[in-house]
Amino acid sequence: HRSFSSSLHRSGPGLVYSRLLRFSSDFEDQSLGSTVECDLCSKWEQIDPNTYRFTLRENVRWHNIEPLNGRLITVEDVINSYWRQKTQGWPNEGLLRNLKDIVKVDDFVLEITTHIPDGDFVLFLASGHSKVLPLEVNSYYEDVVAAGPIGTGPWILLRSAPGGEYVFEANPVYYEAGLPKMDILKIRVIPDQMVRFASMAVGGLDFADLTLDQVETLNDRPGEFITMTVPHYGHGIDFVLNTHSTVLGSLDVRQAIFGAIDPWEYRRLYWQDKTFHGLGFPIKHESWYMSEEELAQYVGSLARSPDSQQPTILSGERITLSVGDYGANYSKLAKQISIDLESIGMSIDINMVFPTEYVGMAEGIGSYDMYIGPSVPLISPNQYFFGVLHSGGRYNSAKYSDAGLDLLIELQAQDQDILSRSRIIKEINQRGMHSATRMMLLTDSSHWGWDSRLIDVSINSWAHEYFHYAYFDW
């Protein structure tokens, strides 16, 4: 609850904990991994637009470690965990910002109410950060920490070495029969990507996250390894135009900029392991995509047709492109963008900024014309729509205000029907791209490889999901 570290939550000691809900590993539908299923609950239902009722499983026990000694989980554990997570100033507080109240109905049933209807609320409960901790963290905090972490999940932490290795054993009284499938899980911390790959290639690792080049190398060794590449929608490289800038307040100028840049070429030149997708929000359904043909109506028209008539740009104005200093490829990308914009008569100054300054810029703080850099880490569509696109959003760094767009955002948030919500989101996509204020130039992909003898591997990267290790088997 007091850390936002993704590695701690999904590949470290955080594996010992369960959640009320988790993300399903069944990818047979079009939900792109966003479907939730019960974890600690046996069933759940939405009884009105603002109220959710959960029934807990009756066979869930905390790990048999002092001071919990394998006691059964209670509704009070869940209630206390969520209020604790909402502690003001804590890093995961925002995930439960819409939580209004939690009420115990009986020993196994609780009801959660929200301030406003939110079609994504259950995604926050399923997030890898929204873990359920024992009530004892209040009265026996030091004892629990010293002996723990103590959870209810499929794995019990045996030992850890700072910067080295985490060793887990299977929970013998885990509440889902047949899980986890392995007796021991060892997670080695190897920060260097090349060392990690070399270790896997010689059999020192059975499963690892890799680069695209490394995946292609393993694919040349059929029968030994299996690989997977998954687009990580909602995470990537943002390109943002500040509409409060003197020149960029003009829609014609912004649209000319969007016409001159070529994200498809940027991907080919600098980031072959990333995909291109215009609006950078996490996508819950395939129908929420903008196809390349649709995106091409707003982006790259001049780049594709260099002989077409150039738009009129204010002459004599210099524009600064600020770049988050996150590596050489960012500076190379900035240089390419400046060349493309010079082709339409713009004069571009490139300004590299430290990550600390960039974080402020992503919140609209400071003076800038336009910038490129990593996207804000958000886990749900509504976090993006309200936080980034809405006029009042904390991360509306384009400083763009559109009452019509705000209304569409508010309408889709309350829509529980996936198809009607999809229609509204398509209109949001079109309106957002037409305004030419921001886009995700490149979207991250995650790449994985594993020993071909390892079976039942299904990786879901939604919101720091980590339950997939329980299914791994030989």
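The values are calculated or read from the model by the stated rules, or taken from the named source; none is laboratory data. Please read these numbers as outputs of a predicted model, since none were measured by experiment. Virtual Cβ from ideal backbone geometry, glycine too; neighbours counted across all protein chains shown. Accessible surface is based on the protein model in full, side chains and every heavy atom, while ligands, DNA and RNA are left aside. Shrake-Rupley method; radii C 1.70, N 1.55, O 1.52, S 1.80 Å.
Tally the residues that are open to solvent by 10 Å² or more (accessible area, probe 1.4 Å) and either among the small types (Gly, Ala, Ser) or farther than 19 Å from Tyr395 by Cα (or both), restricting the search to the stretch 419-446.
11
Pick out, from the stretch 39-146, the strands (runs of 3 or more DSSP E) lying fully within it that include 1 or more residues that are open to solvent by 70 Å² or more (accessible area, probe 1.4 Å) and under 27 Å from Ser5 (Cα atoms). Give the steps one after another, and end with the answer.
Working: elements: 41-48, 51-56, 99-106, 109-114.
Strands (runs of 3 or more DSSP E) meeting the threshold: 99-106.
Does the stretch 281-332 hold any residues that are assigned to a loop (DSSP other than H, G, I, E, B), at pLDDT 70 or above and among the hydroxyl-bearing types (Ser, Thr, Tyr), and which are they? Quick ask: steps written out before the conclusion?
Taking the stretch 281-332 and keeping what is assigned to a loop (DSSP other than H, G, I, E, B), we get 281-285, 289-291, 296-300, 305-317, 325-327.
With the extra rule that they be at pLDDT 70 or above, the set shrinks to 281-285, 289-291, 296-300, 317, 325-327.
Residues satisfying the conditions are Tyr289, Ser291, Tyr298, Tyr326.
Kindly list the number of the only condition in (1) open to solvent by 30 Å² or more (accessible area, probe 1.4 Å); (2) part of a strand (DSSP E or B); (3) modelled with pLDDT of 90 or more that fails for Pro231.
It fails just one condition, (3).
Could you list, in sequence order, all residues of the stretch 363-415 that are open to solvent by less than 10 Å² (accessible area, probe 1.4 Å) and either in contact with a strand residue (DSSP E or B) (Cβ under 9 Å, 6 or more places away or on another chain) or in a loop (DSSP other than H, G, I, E, B) (or both)?
The answer is Met370, Tyr371, Ile372, Gly373, Ser380, Pro381, Val388, Ser397, Ala398.
Which residues, counting only those in the stretch 207-228, are assigned to a strand (DSSP E or B), open to solvent by less than 60 Å² (accessible area, probe 1.4 Å) and among the aliphatic types (A, V, I, L, M)?
Residues of the stretch 207-228 that are assigned to a strand (DSSP E or B), as a first pass: 207-210, 225-228.
Adding the requirement that they be open to solvent by less than 60 Å² (accessible area, probe 1.4 Å) leaves 207-208, 210, 225, 227-228.
Within the stretch 207-228, Ala208, Leu210, Met228 qualify.
Within the set of pairs 6+ apart or on separate chains, which have a first residue in the stretch 251-264 that is open to solvent by 30 Å² or more (accessible area, probe 1.4 Å), a second that is among the polar types (S, T, N, Q), and C-beta atoms under 8 Å apart?
Leu251/Ser435; Asp252/Thr312
Restricting attention to the stretch 463-472, does a residue exist that is within 26 Å of Arg267 (Cα to Cα), in a strand (DSSP E or B) and open to solvent by 10 Å² or more (accessible area, probe 1.4 Å)? It would help to see each step written out before you state the result.
Within the stretch 463-472, the subset within 26 Å of Arg267 (Cα to Cα) is 463-464.
Then keep just the ones that are in a strand (DSSP E or B); that gives none.
No, the stretch 463-472 has no match at all.
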